[in-house]
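Notes for the one structure printed next.
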Amino acid sequence: MELCKDTSVKMNDGHGIPVVGFGTYAPDTVPKSKCEEAVKVAIEVGYRHIDGAYFYENEEEVGRAIREKIADGTVKREDIFYTGKLWSTFNAPEMVQSALKKSLKSLQFDYIDLYIIHTPLSLKPGDDLCPVDGNGKLIFDNVDLCATWEVECHPYLNQRKLLEFCKSKNIVLVAFSALGSHREERWVDQSTPLLLEDPVLNALAKKYSRSPALVALRYQLQRGVVVLAKSFTRKRIEDNFKVFDFQLTEEDMKAIDSLNQNLRYDLCQQ
């Protein structure tokens with residue numbers, strides 16, 4: 001598949017999801033106003049997939065940013081693919097609708113394009129399970145209702161088995177922490193290596209006159225993974241979207257594949 005800024009991957013419900021998304025999670029040290037401004041910049045740059053969540057506590061700011069870019073004519077609402085997430089305190093079936101309404105009210109949207117379960121860990125007696133990634137992680141066997149699966153995924157945790165499973169079930173894999181994680185995140189093990197300092201990624205970055213971040217993002221796209229990028233500075237937001245004007249070779253892809261360590265930065269998922 002040829003990749004460009006307008007490329008979308010078709011989900012199993014027939015709708016398309018843009019292959020590069022802009023993540024809106026921000027630690028408490030980042031003012032919500034800064035996240036709002038970053039979303040506006042991202043839309044100006046060309047991002048049309050915005051990944052948000054009730055748990056991020058900034059849906060009001062994210063919604064305002066999107067509505068402002070609609071109001072000034074940059075985009076129409078139908079141009080934006082917005083992902084929201086059901087937080088775990090609302091996982092009970094009878095609470096889902098009220099949770100969705102809370103998010104819609106904060107965003108001031110009429111609809112959300114994709115609504116996913118933020119922490120799909122609660123199981124009940126009788127549920128059928130299926131191992132998917134060789135690490136003891138389990139998901140529901142009834143995956144026909146699942147359009148996407150958003151997980152930590154980067155060259156040190158390439159999720160190969162999970163990706164194979166998702167492709168076999170026509171599920172789109174979405175990668176968060178695609179560039180690793182910053183040490184200031186409270187849940188990150190301080191002893192873990194920094195992904196963007198990896199020698200292989202840096203050698204490939206030099207080969208293509210690109211940044212290690214762009215190499216890591218391009219790797220995911222060529223695997224058929226939808227990738228989320230996050231930043232609060234205009235230059236990095238712009239740079240991360242320049243992922244469409246070069247292509248890694250098969251040998252390059254194999255070299256990055258070999259970096260896998262099953263290393264998770266997000267300790268909350270272990």
Task: Scope segment 63-79; condition in contact (Cβ under 8 Å) with a residue 12 or more places away in the chain and either in a helix (DSSP H, G or I) or open to solvent by 10 Å² or more (accessible area, probe 1.4 Å) (or both); matching residues - done: Gly63, Arg64, Ala65, Ile66, Arg67, Glu68, Lys69, Thr74, Arg77, Asp79
Task: segment 167-182 residues that are open to solvent by 40 Å² or more (accessible area, probe 1.4 Å), paired with ones that are in a loop (DSSP other than H, G, I, E, B) and modelled with pLDDT of 95 or more (beta carbon under 8 Å, 6 or more apart) - done: Lys167/Gly224; Phe176/Cys153
TODO: For Asp28, work out the one condition from (1) farther than 24 Å from Leu221 by Cβ; (2) modelled with pLDDT of 95 or more it doesn't fulfil.
DONE: (2)
- [ ] Residues being more than 18 Å from the chain's Cα centre (by Cα) and under 25 Å from Val172 (Cβ atoms): count how many of those fall in segment 35-62.
- [x] 0
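Looking at Leu217, Leu248, which one is outside any helix (DSSP H, G or I), surrounded by 14 or more Cβ atoms within 10 Å (Cβ to Cβ) and not hydroxyl-bearing (Ser, Thr, Tyr)?
On the way: Leu217 fails: outside any helix (DSSP H, G or I).
Residue meeting the stated conditions: Leu248.
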Task: Top-ranked residue in segment 209-232 [being touching a residue at least 12 places away in the same chain (Cβ under 8 Å) and among the small types (Gly, Ala, Ser); ranked as nearest to Cys4 (Cα to Cα)] - done: Gly224
TODO: Search segment 1-21 for residues that are assigned to a strand (DSSP E or B) and pair each with any residue that is among the acidic types (Asp, Glu) when their beta-carbon atoms are under 6 Å apart and the residues are at least 6 apart or on different chains.
DONE: Gly21/Asp51
TODO: Would you mention how many residues in segment 22-62 are assigned to a loop (DSSP other than H, G, I, E, B), open to solvent by 30 Å² or more (accessible area, probe 1.4 Å) and free of Cβ contacts under 8 Å to residues at least 60 places away in the same chain?
DONE: 4
TODO: Report yes if some residue within segment 160-169 is in a strand (DSSP E or B), aromatic (Phe, Trp, Tyr) and modelled with pLDDT of 90 or more; otherwise report no.
DONE: no
Open item on the list: Residues to consider are Lys235, Lys206, Lys254; find the one that is part of a helix (DSSP H, G or I), free of Cβ contacts under 8 Å to residues at least 12 places away in the same chain, closer than 21 Å to Ala26 by Cβ and not polar (S, T, N, Q).
Closed with: Lys235
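The values are calculated or read from the model by the stated rules, or taken from the named source; none is laboratory data. Since this is a predicted model, take the numbers as computed values, not measurements. Note that each Cβ is placed from the backbone with ideal geometry, even for glycine, and that neighbours are counted across all protein chains shown. Accessible surface is based on the protein model in full, side chains and every heavy atom, while ligands, DNA and RNA are left aside. Shrake-Rupley method; radii C 1.70, N 1.55, O 1.52, S 1.80 Å.
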